[in-house]
Amino acid sequence: SRSDDFTVVMETVTAWAWGPLSFLAFLAFLRHHPARYILQLIVSLGQLYGDILYFATEARAGWTHSDPRPFYFWGYFVGLNAIWVLVPSLLLLDACHQLATAQRGHDRPRHKSH
């Protein structure tokens, strides 16, 4: 079915792109590499995009793959999956803040010493 194809493709991208990029971001932070916040931004944005596709696909299907009981739907489906939205959102905001701060420092006029 089409939804199975979508899941396979999405998880393939996760395994081959986001997994290795997450590992590179981890190494970049350990080594204080200058690209660490760029990698954090890319991985976080990719995770959020996947979350949006996941929830949008389920909503479009009429929530048919989710148990309709309130505790399951709100506690498990929404609550636990919200972690996968909250953490990348916070990391995305942090990366944007760090990169904007670095750019502001770079754009600041330099005073020539005489």
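Inter-label distance, THR64 to THR7: 1.3 nm, where each label sits 7 Å from its Cα along the C-beta direction. Structural descriptor for the chain: relative contact order 29 percent, calculated from alpha carbon pairs under 8 angstrom and at least 6 residues apart. Please identify every one of the chymotrypsin sites (Phe, Trp or Tyr not before Pro) in the stretch 73-108 that sits in a loop by DSSP and has no more than 12 other beta carbons within 10 Å of its own beta carbon. Listed in order of number, the matching sites amount to none.
Between [x] 1.07; [y] 0.96; [z] 1.15, which matches Rg/Rh (Cα atoms, Kirkwood Rh) calculated for the structure shown? The listed entry that was calculated here is [z].
What value, in deg cm²/dmol to 500, does the helix sum -39500 (n - 2.57) over DSSP H runs of n ≥ 4 give at 222 nm once divided by the residues of the chain? Estimated from H runs of four or more residues: -23000 deg cm²/dmol.
Ligands, DNA and RNA left out, the accessible area of the stretch 1-71 computed with a 1.4 Å probe is 70% carbon and sulfur. Counting Lys and Arg as +1 and Asp and Glu as -1 over every other residue whose Cβ lies under 14 Å from the Cβ of TYR76, the net charge comes to -1.
The values are calculated or read from the model by the stated rules, or taken from the named source; none is laboratory data. As the structure is a computational prediction, the values presented were derived from the model and not from experiment. Cβ: placed from backbone, ideal geometry, glycine included. Neighbour counts: every protein chain shown. For accessibility, only protein heavy atoms count, side chains too; no ligands or nucleic acids. Shrake-Rupley method; radii C 1.70, N 1.55, O 1.52, S 1.80 Å.
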